[in-house]
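The values are calculated or read from the model by the stated rules, or taken from the named source; none is laboratory data. For clarity, every value in this text was computed on a predicted model and none was experimentally measured. Here the Cβ is made from the backbone with ideal geometry for all residues, glycine too, and neighbour counts use every protein chain on show. Heavy atoms of the whole protein, side chains included, go into the accessibility calculation; ligands, DNA and RNA do not. Shrake-Rupley method; radii C 1.70, N 1.55, O 1.52, S 1.80 Å.
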Amino acid sequence: MIFVRSQVLSSDRWGLAGWRLVLDWSLPYVPGQWVQLRLPGLDDPRMYSIANPPGQRAITILYTLLAEGRLTPRLSLLKPGDIIEVAGPGGAFEAEKGSNLWIAGGTGIAPFLSMQKLIESKWYGPNSRPTLLQSNKLEDDLYGSEIFSDLNERNLLKYYPFVTQGTNSGPRITEWLDAQDRSFFKAFERIMICGSTSMILDLRDLLLGRGVDFHRIVSEVYF
Amino acid sequence: MNDRKKGNLYGLTLTELRNLVKNLGEPEYRGNQLFEWMYTHRIHNLQAMTNLGQSLRDHLSNEYRIQVIDISKVDESTDGTKKYLYPISTATYVESAYIPETDRKTLCVSTQGGCKMACLFCMTARQGLQTQLSAGEILGQYAGIPESLDITHIVYMGMGEPLDNTEEVLKSIEGFTEGYGLSSKRITVSTIGILPGLSRLLEETEVNVAISLHSPFAEERKRLMPVQSVYPFESVLELLKKYDFSRRKLSFEYILFDGINDTADHAQELVRLLNPLRCRINLLHFHPIPNSPLSGTPRKRIEEFQAYLKSKGLIATVRKSRGEDIQAACGLLSTKELVRRPLAETLDY
Ligand SMILES: Cc1cc2nc3c(=O)[nH]c(=O)nc-3n(C[C@H](O)[C@H](O)[C@H](O)COP(=O)(O)OP(=O)(O)OC[C@H]3O[C@@H](n4cnc5c(N)ncnc54)[C@H](O)[C@@H]3O)c2cc1C
Ligand code: SF4
């Protein structure tokens, strides 16, 4: 992978647990792809899904800070004008036309944030607005929920937010899905899941148990 | 000092041991001597390392120990395969398999407790990642079993994705080759194709490489192996094409799933993808795992698949299924011992 130097345009908090890093970077990419980030002098890069739609001459990275992590504590110290090294884009967690169910946990919402323009352009087909289930521990950390709620109101997306902790916690995604009947699952040609390994494993088990053919399930693990 | 509180020297590389003795004010060659005692001579008693000098031996014995991981359980199959189980922490087990055959004795080692990669057909995947193994914990799976001296081949095909723990895997390879004197030609690292780790493995070692392929079609491979969304197989191929495989072996692992990846189209596409490479393809029978949508292709059809690949010039072998009566497939035993998943209150879904 070839790393190029890129300038930090902004760095701020996103919700309670998230951070948003905007980088000056204008290579073409497909929604759902990742970049690798590393700091000059630290040769061990990490991968991040691009969290904004293409065509903006900048990319947004959504991340959570892991106290004992190698890169994220350092990312959080970056200031506008600082230099970071970026490689990519890469990966193939790409949207497909047809009826889609998307499920995101935590920062796993990033690839779906980059699909915003596809949703607005009805790229998926006339009668197949995607359904998005977004989950996180706290309501403040439902990154981009205002964008998805707006798309929902405009009948471009069916959006269901889930929160597992705090006063607004409700049923978990797993409980909600388990309560759906078979026709719900049958309606989707493709189910895309993005998040932690345990989420991928639990949801895949649940979906297979509900009769969904594994050929319809695509996942991206933030390993 | 209580022995458990002492630092463990087992698994340290030559460079690490040279630095350690240097920091104790000793000449660096003492590190080479320590390395030879520990690995070449398999002496784990520091006081028995007679050429180190009494004061260094005393100092090391006070501060350090040489401890190989304990075996907690061994199962032997009717075909001679033995499965060892090791407790890595209070709640995590890893396993290794000793596979004796007439012309070789192979040890299959684990590199992680559990795994993050979520492959659909894998039992280890169901544990998630519990822990990364240190080089010492990888080497200990070899040094700590009674058959150790008979082992001719090491394969990194047990629990975990070796190249998700690249640093410790590279150190353990150094231990096997420089320490225990095994030839790189007899060591194979199997990976699903984690590109940064694969680059390092190809650059920094001469061991054989086995890539888990399981489908030549990108969209299908994605469904079987989520890593395909992150590191598509075509990028893995691109990297492999830059290396010379005349002095080290390149192979592809292909588990045949009934009615899924065992069709004529699959066979044709495999030929197209792999023929330009100097490689072999190992066709594997699927060990059934509970609640899986996949089942194994019957033996006869595996042989037909193999015959087609061979007729088109690929070197294709069918790997014998070993130790099925003791669940010798990767992760079956330890997952039976333990399925530990994160607590519900820590989850974001
Ligand atoms: C395709 C892809 C896309 C991704 N996209 C995103 C994204 O959009 N946003 C995002 O936030 N993340 C994303 N990730 C995850 C990201 O790449 C990093 O892994 C994450 O940000 C942590 O990096 P770090 O260097 O801070 O932590 P690391 O140093 O990598 O450590 C991660 C955690 O593991 C623990 N740990 C470290 N070493 C060990 C060890 N030896 N044994 C056990 N535990 C250990 C640490 O304590 C820490 O809690 C993505 C990953 C992939 C593969
Ligand atoms: S097959 Fe290997 S990489 Fe995939 S989940 Fe199992 S142990 Fe991990």
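Points to keep in mind about this one:
- Per-region count, the range B:164-214, residues in a helix (DSSP H, G or I) and aromatic (Phe, Trp, Tyr): 1
- Residue list for the range B:242-281, restricted to those being under 24 Å from B:Arg126 (Cβ atoms) and assigned to a strand (DSSP E or B): B:Glu253, B:Tyr254, B:Ile255, B:Leu256, B:Phe257
Each row is one residue, and each column tells you yes or no for (1) within 12 Å of chain A (Cβ to nearest Cβ); (2) within 19 Å of B:Cys115 (Cα to Cα); (3) in contact with a strand residue (DSSP E or B) (Cβ under 9 Å, 6 or more places away or on another chain).
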{"site": "B:Val207", "(1), (2), (3)": "no, no, yes"}
{"site": "B:Ala210", "(1), (2), (3)": "no, yes, yes"}
{"site": "B:Leu277", "(1), (2), (3)": "no, no, yes"}
{"site": "B:Leu284", "(1), (2), (3)": "no, no, yes"}
{"site": "B:Asn291", "(1), (2), (3)": "yes, yes, no"}
{"site": "B:Glu303", "(1), (2), (3)": "no, no, yes"}
{"site": "B:Ala307", "(1), (2), (3)": "no, no, yes"}
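- Filtered residues of the range B:14-33 (kept if in contact (Cβ under 8 Å) with a residue 24 or more places away in the chain and over 16 Å from B:Leu139 (Cα atoms)): B:Val21, B:Leu24, B:Glu26, B:Arg30
- Residue check, B:Met157 more than 14 Å from chain A (Cβ to nearest Cβ), under 26 Å from B:Ser292 (Cβ atoms), touching a strand residue (DSSP E or B) at 6+ places or on another chain (Cβ under 7 Å) and in contact (Cβ under 8 Å) with a residue 24 or more places away in the chain: yes
- Taken together, A:Thr107, A:Thr60 contain a single residue that is closer than 26 Å to A:Leu39 by Cβ, in a helix (DSSP H, G or I), touching a strand residue (DSSP E or B) at 6+ places or on another chain (Cβ under 6 Å) and more than 16 Å from ligand 2 (Cβ to nearest atom), which is A:Thr107.
- Here B:Met157 meets the list (1) under 24 Å from B:Asp75 (Cα atoms); (2) more than 16 Å from ligand 2 (Cβ to nearest atom) almost entirely, failing just condition (2).
- Hits in the range A:8-41 (condition: in a loop (DSSP other than H, G, I, E, B) and more than 14 Å from every other protein chain (Cβ to nearest Cβ)): A:Trp25, A:Ser26, A:Leu27, A:Pro28, A:Tyr29, A:Leu39, A:Pro40, A:Gly41
- A:Trp34 fulfils the conditions (1) open to solvent by less than 20 Å² (accessible area, probe 1.4 Å); (2) more than 15 Å from ligand 1 (Cβ to nearest atom) except for a single criterion, (2).
- Wholly within the range A:133-223, helices (runs of 4 or more DSSP H) carrying at least 2 residues that are open to solvent by less than 60 Å² (accessible area, probe 1.4 Å) and within 16 Å of ligand 2 (Cβ to nearest atom): A:197-209
- Only one of the listed residues (A:Leu66, A:Leu78) is free of Cβ contacts under 8 Å to residues at least 24 places away in the same chain and either of a type in the set (D, E, K, R) or not in a strand (DSSP E or B) (or both). That residue is A:Leu66.
- Those strands (runs of 3 or more DSSP E) of the range B:32-139 in which 1 or more residues are more than 14 Å from chain A (Cβ to nearest Cβ) and open to solvent by 30 Å² or more (accessible area, probe 1.4 Å) occupy B:73-76, B:82-87, B:93-100, B:105-108.
Every residue, every condition in (1) more than 12 Å from ligand 1 (Cβ to nearest atom); (2) out of contact with any helix residue (DSSP H, G or I) (no Cβ under 8 Å at 6 or more places or on another chain), yes or no:
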| site | (1), (2) |
| --- | --- |
| B:Asp103 | yes, yes |
| B:Cys115 | yes, no |
| B:Gln130 | no, yes |
| B:Val155 | yes, yes |
| B:Pro162 | yes, no |
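- So B:Thr166, is it under 18 Å from B:Lys249 (Cα atoms), within 16 Å of ligand 1 (Cβ to nearest atom) and buried (at least 21 other Cβ atoms within 10 Å of the Cβ): no
- Scanning the range B:222-238 for residues that are more than 8 Å from every other protein chain (Cβ to nearest Cβ) and among the polar types (S, T, N, Q) returns no hits.
- Residue count, the range A:50-87 (criterion: within 10 Å of ligand 1 (Cβ to nearest atom) and not β-branched (Val, Ile, Thr)): 14
- Counting only residues that are farther than 16 Å from B:Glu269 by Cβ, in a helix (DSSP H, G or I) and within 21 Å of the chain's Cα centre (by Cα), the range B:218-238 holds 1 of them.
- Tabulated pairs, the range B:132-150, first farther than 13 Å from B:Pro162 by Cβ and among the hydrophobic types (A, V, I, L, M, F, W, C), second assigned to a helix (DSSP H, G or I) and within 16 Å of ligand 1 (Cβ to nearest atom), C-beta under 6 angstrom, 6+ apart or interchain: B:Leu139/B:Ser172
Residue-by-condition table, conditions (1) at pLDDT below 95; (2) closer than 17 Å to B:Ser148 by Cα; (3) in the same structural domain as B:Met225 (by TED's automatic domain parsing):
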residue: B:Lys22; (1), (2), (3): no, no, no
residue: B:Gly31; (1), (2), (3): no, no, no
residue: B:Leu34; (1), (2), (3): no, no, no
residue: B:His44; (1), (2), (3): no, yes, no
residue: B:Ala48; (1), (2), (3): no, no, no
residue: B:Asp58; (1), (2), (3): no, no, no
residue: B:Val109; (1), (2), (3): no, yes, yes
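- Breaking point among (1) touching a residue at least 60 places away in the same chain (Cβ under 8 Å); (2) within 14 Å of chain B (Cβ to nearest Cβ), for A:Ser169: (1)
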